[in-house]
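Participant: Structure provided below as structure tokens; questions to follow.
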Amino acid sequence: MLRVFQHHMVKRVAGAILIGLLVLVMTGPQGNGSEPTSGFTGSFSEHMSFFGFFTPPRWITFALLALVLSLLVMFAKYSHRAWRRAQESGAAAARAVASAAARVKYVRSRRSGRYSGYALLVLLGIFLPRIITSQSWQTNIVQLVAVYILLAIGLNVVTGFAGLLDLGFVAFYAIGAYTTAWVTGALPTSPPFGIHFNTFFAIPFAIILAMAFGVVLGIPTLRLRGDYLAIVTLGFGEIIFIFANNLYGITGGSTGTNQIPYLSVHLGPLKYLWGLTPQPYYYLTLAFIVLFLMIFSSLEHSRVGRAWVAIREDEVAAESLGIYPLKYKVMAFAIGAASAGFAGVITASQTLFVTPPTFSLSFSINILVLVIFGGMGSIAGVVVGGLVIQGFVVYMIQSPPAWYNPADLYMYLGALLIVMMIFRPAGLLPSRRRLREVTQVESGVARDQMLTHIGPHNRVEEEL
Amino acid sequence: MSYFTSHFSTFGHEFWGLLVGGVANGVVYAMVAIGYTMVYGVLRLINFAHSEIFTSGAFASFFLMKALVGGSTPTATESVIYVILGVLVGGLAGALAALALERVAYRPLRRRNAPKLAYLISAIGASYFLFNFYGKEFGRINLSMDAPFTNNTVFTIFGAPVQMYYIVIVIVGVIMLVSLDRFVAKSKLGRGIRAVAQDAETASLMGVNIDRTISLTFVLGGFLGGVAGFLFAIPIGVVYTMGFTPALKAFSAAVLGGIGNLRGAVIGGLLLGIVESFSVAFFDGVYIDVVAFAVLVLVLMVRPTGILGERLGRSA
Amino acid sequence: MVDNLFDVQNVTLRFGGVVSLNDVTLSQKRGEILAIIGPNGAGKTSLFNSLTGVYTPQQGSITFTDAKGKRYSVIGKKPYRVSAAGVARTFQASRMFSAMTTFENVKIGAESHRGLGAVGAMLKGPATRRDEVRSDAATRDLLEFVGLTSQSNVIAASLNYGARRRLEIARALATRPQVLLLDEPAAGTNPAEKNDLTELIRRVRDEMNVSILLIEHDMKLVMALAERLYVLNFGSVIAQGTPEEIRANPAVIEAYLGASDTGIAEESK
Ligand SMILES: Nc1ncnc2c1ncn2[C@@H]1O[C@H](COP(=O)(O)OP(=O)(O)OP(=O)(O)O)[C@@H](O)[C@H]1O
Ligand SMILES: [Mg+2]
């Protein structure tokens, strides 16, 4: 008994302290190449003040915290009495959670319940500018929350509904933004038909162009297996970036353009100009988010949505029923591309400039994180995921704490992806169907040829 | 990649110069491609974080060179020793990073038999975590490496000079690739890798320790990837994002040769290096990265099993 | 001209060195319940895969003729096109969409041959709604037909073996096929379920007017249902005929005894 106890204890505690110290270094000072250890040593030499009462070194605080946490967990597990007590309170908590979950399920299952949930979100959205009145906050909310949610909703169609990992999503966003610049005559190339269009006309152009690119890229690549698709789309994103960066005569090269006009309406007596203030853009984007939510939600519960699930679960069986997988994959790809293209118009017309660095791979990853974190395939999850993560990002930009450096954002997002995949692969608010799929694959019920890895794999198509 | 290509006046010189540069580049790609192919062989998945294994090797050897060489000009004997040490340290760093990666990002998922998409996402997360962590610790600017040897022209082929750097790459690369090939083909551990690649379930029934074999695969692929990072960094230095492009190309090389096939990775790497090098004659240098991608897409369209075919399990 | 549903002429299918189908020639008449039997690895499933476009045989021809007399050359066609022509199938190891309900599983079959409809689906137009109503009705009818009405809102993964087999049949029938290919539908079911299944298959043919092509190792079921049989061994057709003729055929008994497989010899006594 004692030996087992010690063995586990040493391992667990060591692991926990290691993680604690990793977090310490992650939140420590920025290092540099000429003194490679300065980041580490800095993390260990810094002190942390507890309300001015005492200021221990940070590393002691972190190590102690990790130690105490791991000991608590273990204590709860190994000490009989505490274990039983924890079990009891755990059972009570589980009951509470279960009844709350049942209620949520009940509410969600009733259409009116689902709609009232959405209505609440929309109301919150409408009144948000009244609650957060600072202009810089609002600008960041439009650019970093609303537009990102719009993009995440689009990527969710590709990755969540159709199960396709698209790492080049940013390319379609770039196409949308550059199309806006092109159509309004802000690029070195002359606009279509030589006309400088009103910015609103960029919307159909951008959607059609992004969709066309989606179809042209999709038809050859969507035949590929999932992981190949991920790399090919990633490469596509890079190529669009390279071209945008170097075709000076067409895209303006590395400096891009900053000549894009604001959105405006001139319809007889109806005149409106979206200008410097963020609010009009906020409401415009919000309106489109709601619109996207509605149409994509119908899409999910339609024949097309069911076909996507069928393909995701078992492509061979789906095809035997007359579903042509490629057609539905291309469709998902094109819909995703179109919504990214649209988001590109919004961004370009609000920031008034487009430059290549905006459209790096990291951007695709950021959107992917929102989808994964919220719950692949769950529209509500994606919206909440976007709110939480991008809300955090904006908060960190607006009032950064000492330990946070915006350049480290992707380090945190990367870590978050790993943690999600280990502990909660279906996301924060999982789609019920996705959750079932994940648990079934894991318990070996579903025997999808694409989903399993270790095992006899010489004959992929065997036992058809 | 313009640093590999010098400018010559006549076509003959240019041809041989491009060839030498292409082969050197190709050896680096091959060493990285091996890592993709080996992991694919046993796990049937693309290790998205392999680029950061490469970066780990580069950073470790960068700091070693900084300590050893400083600003000095090493003598011939010192050069040999430094290169050997650089190879060892770069390789070990790569192996260590690969091992940690397998432990943290893959093993927990393997334990619960997670869907394949989960591995890809977890690997992407690991990749982003690692290179941004390096960026945080070592800064986000390009740091030039203290060269362990002077890059003189050693001899000429048909008038095209062949520099020390190319010779080092080819010698180190050939030694590494041949030893790996022999190791996987002949040793007991290597047989275990091949058995798992062929049929993990049966291999485990026959007493092969799957976990250990998978770790070993990561370590071997990681070692070669780390060494490649060292060699790659000698002329151009290190920066936290340096892994991305070469790794994407190495992946293309692995697919080109037939993913899962060790010798295929070598052939694919060399071929891609040479094709890329010669494409400078046709395209503006800034578009050279597009070539590898075009090769990848073409191969996947026309012959997804690559040149040598997906010889799963018969990786040697 | 004979009203043949399937005409398979000299089909050969190879995988590397393995010859799965070797110069196979056979045909099925419209309305017939036809069975394919043979020892494990004989090539039965490979034949199904060739008939449905999953595999592409290197030699020979496969012609499917639909009720209107339109002829389709199957080889080289994608499975979804073969399905659209009127061929439906089930799989040897059942492949339902296990995270969906029974109802959804069948509905996917019922609506798969409609047009694209992404725009309609997004806007939920009246035509889309009408489509949904029609598919729902068809699905309900089929679930009733196979006796799964009471389980229509159950997740498919939680169905028992017999119910899964019936679900797969309903899902295949939902595509409104002219012929149904069943790959070992009785595998893993108990005797009572086998009887139900025999009954169901006969009803599919009689009431829904769908021809049946059946692979089955259970000789009792095969002999009870099949009007004609082909026997495959090592990829070749070694015999064909009525159940009585097959029982008496020495080559068949030889093949089965040689493979020491399920007891056709005992059945034939
Ligand atoms: N995708 C494939 N790749 C390689 N070989 C295959 C493939 N499909 C079938 N075969 C081979 O073809 C032969 C026939 O297999 P098939 O599955 O058609 O047999 P079967 O008659 O259905 O057997 P069973 O009664 O066990 O289902 C076997 O030797 C098998 O190994
Ligand atoms: Mg079979």
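The values are calculated or read from the model by the stated rules, or taken from the named source; none is laboratory data. Predicted, not measured: the structure shown is a model, and the values here were computed from it. Because the Cβ atoms are built from the backbone with ideal geometry, glycine has one as well, and the counts that use them run over all protein chains shown. To get the accessible areas, we keep the full protein, side chains included, count just its heavy atoms, and leave off ligands, DNA and RNA. Shrake-Rupley method; radii C 1.70, N 1.55, O 1.52, S 1.80 Å.
Participant: Taking only segment C:141-162 into account, find how many residues are without any contact (Cβ under 8 Å) to a residue 24 or more places away in the chain and either touching a strand residue (DSSP E or B) at 6+ places or on another chain (Cβ under 8 Å) or more than 14 Å from chain A (Cβ to nearest Cβ) (or both).
Facilitator: Number of matching residues: 4.
Participant: Then there is this: Inside segment A:200-235, can you point out the residues that are among the hydrophobic types (A, V, I, L, M, F, W, C), assigned to a helix (DSSP H, G or I) and within 13 Å of chain B (Cβ to nearest Cβ)?
Facilitator: Correct list: A:V216, A:L217, A:I219, A:L229, A:A230, A:I231, A:V232, A:L234.
Participant: Sticking with this structure for a sec: Mind checking which pairs have a first residue in segment C:181-209 that is open to solvent by less than 30 Å² (accessible area, probe 1.4 Å) and a second that is charged (D, E, K, R) and away from ligand 2 (no atom under 16 Å from the Cβ), Cβ under 8 Å, 6 or more apart or different chains?
Facilitator: Qualifying pairs under 8 Å: C:A186/C:E193; C:A186/C:K194; C:L197/C:R166; C:L200/C:R166.
Participant: Has segment C:165-175 got at least one residue that is within 16 Å of ligand 2 (Cβ to nearest atom) and more than 12 Å from chain A (Cβ to nearest Cβ)?
Facilitator: Yes, there is a match, as at least one residue in segment C:165-175 is within 16 Å of ligand 2 (Cβ to nearest atom) and more than 12 Å from chain A (Cβ to nearest Cβ).
Participant: Right, another one. Give segment C:168-196 a look and list any residue that's part of a strand (DSSP E or B) and more than 16 Å from ligand 1 (Cβ to nearest atom), or say none.
Facilitator: Within segment C:168-196, C:V179, C:L180 qualify.
Participant: If you don't mind, another one. So, in segment C:25-71, of the ones that are touching a Gly at 6+ places or on another chain (Cβ under 6 Å) and within 11 Å of ligand 2 (Cβ to nearest atom), which residue ends up nearest to C:T12 (Cα to Cα)?
Facilitator: C:G43
Participant: Where in segment A:367-448 are the helices (runs of 4 or more DSSP H), entirely inside, with at least 3 residues that are open to solvent by less than 50 Å² (accessible area, probe 1.4 Å) and at the interface with chain B (Cβ under 10 Å from one of its Cβ atoms)?
Facilitator: A:409-423, A:432-442
Participant: Further question: Do you know which of the residues in segment A:348-366 that are more than 14 Å from chain B (Cβ to nearest Cβ) and not in a helix (DSSP H, G or I) is least open to solvent (accessible area, probe 1.4 Å)?
Facilitator: A:V354
Participant: Would segment C:90-108 turn up any residue that is open to solvent by less than 10 Å² (accessible area, probe 1.4 Å), more than 22 Å from A:G322 (Cα to Cα) and away from ligand 2 (no atom under 15 Å from the Cβ)?
Facilitator: Taking every residue of segment C:90-108 in turn, none turns out to be open to solvent by less than 10 Å² (accessible area, probe 1.4 Å), more than 22 Å from A:G322 (Cα to Cα) and away from ligand 2 (no atom under 15 Å from the Cβ).
Participant: Given A:L222, A:L273, A:L247, A:L321, which one is in the same structural domain as A:I149 (by TED's automatic domain parsing) and either aromatic (F, W, Y) or touching a residue at least 60 places away in the same chain (Cβ under 8 Å) (or both)?
Facilitator: A:L222
Participant: Another question, then. From the list B:G207, B:G229, B:G269, B:G264, which one is within 18 Å of B:G21 (Cβ to Cβ) and either assigned to a helix (DSSP H, G or I) or open to solvent by 10 Å² or more (accessible area, probe 1.4 Å) (or both)?
Facilitator: Residue meeting the stated conditions: B:G269.
Quick grid of which residues meet (1) buried (at least 17 other Cβ atoms within 10 Å of the Cβ); (2) under 21 Å from A:I175 (Cα atoms); (3) over 31 Å from the mean Cα position of the chain (by Cα):
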{"site": "A:Y262", "(1), (2), (3)": "no, yes, no"}
{"site": "A:Y272", "(1), (2), (3)": "no, no, yes"}
{"site": "A:Y281", "(1), (2), (3)": "yes, yes, no"}
{"site": "A:T285", "(1), (2), (3)": "yes, yes, no"}
{"site": "A:F288", "(1), (2), (3)": "yes, yes, no"}
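Participant: Related question: Would you check if C:L213 is away from every other protein chain (no Cβ under 12 Å), within 16 Å of ligand 2 (Cβ to nearest atom) and within 19 Å of C:F48 (Cβ to Cβ)?
Facilitator: For C:L213, the condition - away from every other protein chain (no Cβ under 12 Å), within 16 Å of ligand 2 (Cβ to nearest atom) and within 19 Å of C:F48 (Cβ to Cβ) - is met.
Participant: Moving on. Every residue in segment C:201-232 that is more than 16 Å from ligand 1 (Cβ to nearest atom), assigned to a helix (DSSP H, G or I) and either of a type in the set (V, I, T) or touching a Cys at 6+ places or on another chain (Cβ under 7 Å) (or both), please.
Facilitator: Once the filter is applied, which keeps residues that are more than 16 Å from ligand 1 (Cβ to nearest atom), assigned to a helix (DSSP H, G or I) and either of a type in the set (V, I, T) or touching a Cys at 6+ places or on another chain (Cβ under 7 Å) (or both), segment C:201-232 yields C:I201, C:V204.
Participant: Any idea how many residues of segment C:5-24 are within 11 Å of ligand 2 (Cβ to nearest atom) and within 25 Å of C:R205 (Cβ to Cβ)?
Facilitator: 0
Participant: Here's another thing I want to ask about it. Could you count how many residues in segment C:243-257 are part of a loop (DSSP other than H, G, I, E, B) and in contact with a strand residue (DSSP E or B) (Cβ under 6 Å, 6 or more places away or on another chain)?
Facilitator: The number of residues fulfilling the criteria is 1.
Participant: Is it true that C:G16 is surrounded by fewer than 16 Cβ atoms within 10 Å (Cβ to Cβ), free of Cβ contacts under 8 Å to residues at least 24 places away in the same chain and away from ligand 1 (no atom under 16 Å from the Cβ)?
Facilitator: no
Participant: When the residues of segment C:52-74 are narrowed to those that are within 16 Å of ligand 1 (Cβ to nearest atom) and among the β-branched types (V, I, T), which ends up most open to solvent (accessible area, probe 1.4 Å)?
Facilitator: Going through the qualifying residues, I end up with C:T56.
Participant: Regarding C:G86, is this residue within 14 Å of chain A (Cβ to nearest Cβ) and more than 16 Å from ligand 2 (Cβ to nearest atom)?
Facilitator: When the stated conditions are applied, C:G86 passes them.
Participant: Exactly one of these conditions fails for B:S56: (1) assigned to a helix (DSSP H, G or I); (2) surrounded by fewer than 22 Cβ atoms within 10 Å (Cβ to Cβ). Give me its number.
Facilitator: (2) is the only condition that B:S56 fails.
Participant: How many residues does segment A:290-323 contain that are in a loop (DSSP other than H, G, I, E, B) and surrounded by fewer than 20 Cβ atoms within 10 Å (Cβ to Cβ)?
Facilitator: 1
Participant: Name the one entry in C:N105, C:N49 that is facing another protein chain (nearest Cβ under 10 Å), touching a Phe, Trp or Tyr at 6+ places or on another chain (Cβ under 6 Å) and within 16 Å of ligand 1 (Cβ to nearest atom).
Facilitator: C:N49
Participant: Hey, another quick one. Assigned to a loop (DSSP other than H, G, I, E, B) and either open to solvent by 10 Å² or more (accessible area, probe 1.4 Å) or not assigned by TED's automatic domain parsing to the domain that holds A:K327 (or both): is that true of A:F197 in this structure?
Facilitator: For A:F197, the condition - assigned to a loop (DSSP other than H, G, I, E, B) and either open to solvent by 10 Å² or more (accessible area, probe 1.4 Å) or not assigned by TED's automatic domain parsing to the domain that holds A:K327 (or both) - is met.
Participant: Filter segment B:118-149 for residues that are part of a helix (DSSP H, G or I) and open to solvent by 20 Å² or more (accessible area, probe 1.4 Å) and give the result.
Facilitator: B:F129, B:L130, B:F131, B:F133, B:Y134, B:F138
Participant: Do you know which residues across segment C:19-45 are open to solvent by 10 Å² or more (accessible area, probe 1.4 Å) and more than 9 Å from ligand 1 (Cβ to nearest atom)?
Facilitator: Across segment C:19-45, the qualifying residues are C:N22, C:D23, C:T25, C:L26, C:S27, C:K29, C:R30, C:G31, C:E32.
Participant: Sort through C:V8, C:V82 and tell me the only one that's buried (at least 17 other Cβ atoms within 10 Å of the Cβ), on the phi < 0 side of the Ramachandran plot and within 16 Å of ligand 1 (Cβ to nearest atom).
Facilitator: C:V8
Participant: Let me ask something else. When segment C:110-126 is examined, which residues are found to be open to solvent by 60 Å² or more (accessible area, probe 1.4 Å) and either more than 19 Å from C:A88 (Cβ to Cβ) or more than 7 Å from every other protein chain (Cβ to nearest Cβ) (or both)?
Facilitator: C:L116, C:V119, C:L123, C:K124, C:P126
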